[in-house]
Structures are given as C-alpha cells and as structure tokens.
Amino acid sequence: SITLNHFINVMGKVSQEDPLNFGYGQQIIHHLKRVANTAVRNHGTLAGNLMLKYQHHEFPSDVFILLEALEAKVVIKSSIEVNIFSPSDWLKETMEKKVVLKVILPKVSSTSQKFFSYKFTPRRANAHAHVNVAIKLAIENS
C-alpha cells in the first residue's frame, strides 16, 4: 500500500535505470501528477485507489486505467492462497477477507511498443477528468 507519491518516485527511478523496458514510467509520472494534489497523493495509496474502484465500479480511477492499459497484474492474498488477476478480471472477484498484496508492472519494450495516457480536465489539478485515456500500442519498425 504505497502512496501515490511514493509510486511516482519509484516509477522515476525504474524508468531511469531501465528505460528500454520501463520507459513508460515517465508517462505514468506525468499522468499521476495531475491526480488530486500533493497532500492527497502523500496519503492516498495505490491499493486504496484500486479498492475505491472495486467498491464503486463507476469511479474513474486513473490508476486502474493505467494498469489496465499496461496489462499489469493485481495480486490478491487471502489467508489460504494468492491469486493474480488482470485489473478488469479482479473487479469480478470477491474481496471478502482478502487484501491487495501487490501490483506487477510488465516490461514494455520501447522498441516495439508505445504507451500513452491522457487526462482531460478543466484545470491542471484538483479537478475530475472529463476523459481519462491510456493505451499501449505495438509498433512495427520498417
């Protein structure tokens, strides 16, 4: 349950250390810095944002959209087992007596794939988005 700002910092380090596979981290940073404000990002967690989406499917979660587009995995732990789901499949599961253990971010080769996200809002921060978009495209080098 790392905070959104901690996640932003981690993505910054990972994208610098391995830009070939995690260069998309810069796009995630750009997108998440437009979510709420610094104080909220210092207290709001990645798992908390996902659970808000879980409890209210209509909630336009930026985190969920980014993870879904990246084809990330959500790892859920119960007292008996650990299960791994895509974000959209996870929404269909019961979370009774379970916790979000971690999120697995994939390697996205910057030579064969591109990741983009957009957030259209009336203001730069502290505004609900009119539209959130995230997409991962396979590209062919000719």
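The values are calculated or read from the model by the stated rules, or taken from the named source; none is laboratory data. In this text the structure is predicted, and so the values were computed from the model without any measurement. Positions of Cβ are backbone-derived with ideal geometry, glycine not excepted, and every protein chain shown enters the neighbour counts. These area figures cover heavy atoms from the full protein model, side chains too; ligands, DNA and RNA do not enter into them. Shrake-Rupley method; radii C 1.70, N 1.55, O 1.52, S 1.80 Å.
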Original post:
How big is the Kirkwood radius of the chain, worked out from every pair of different alpha carbons and given in Å to one decimal?
Top reply: 15.8
**OP:** Give the relative contact order (percent, whole number) for the range 1-120; include only Cα pairs under 8 Å separated by 6+ residues.
**Re:** 30
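Show me the GluC sites (Glu not before Pro) within the range 38-142 that DSSP assigns to loop and that have at most 15 other Cβ atoms within 10 Å of their Cβ. Could you put the intermediate results ahead of the total?
Working: sites: Glu58, Glu68, Glu71, Glu81, Glu93, Glu96, Glu140; in loops: Glu58, Glu71, Glu81, Glu93, Glu96, Glu140.
Answer by residue number: Glu58, Glu71, Glu81, Glu93, Glu96, Glu140.
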Original post:
Around His6, what is the net charge, scoring Lys/Arg as +1 and Asp/Glu as -1 over all other residues with Cβ under 15 Å from its Cβ?
Top reply: +4
Subject >> Share of carbon and sulfur in the accessible heavy-atom surface of the chain [1.4 Å probe, %] >> reply: 55
**OP:** For the range 1-51, report the convex hull volume of the alpha-carbon atoms normalised per residue, in Å³, without decimals.
**Re:** 68
Original post:
Comparing Leu91, Leu32, Leu66, which has the greatest mean-square fluctuation in the GNM of the chain with Cα pairs linked when under 10 Å apart?
Top reply: Leu91
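So what is the accessible area of the chain per residue, in Å², with the probe set to 1.4 Å? Write down the numbers at each step before the final one.
Details: 8320 Å² over 142 residues.
That works out to 59 Å² for each residue.
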Original post:
How far is it, in nm, from the label point at Ile135 to the one at Ala72 when both lie 7 Å from their Cα along the line to the Cβ?
Top reply: 2.1
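Can you give the net charge of the other residues whose Cβ lies under 14 Å from the Cβ of Phe59, counting K and R as +1 and D and E as -1? Spell out each step's value before the answer.
Working: positive: Lys53; negative: Glu58, Asp62, Glu68.
Here the count lands on -2.
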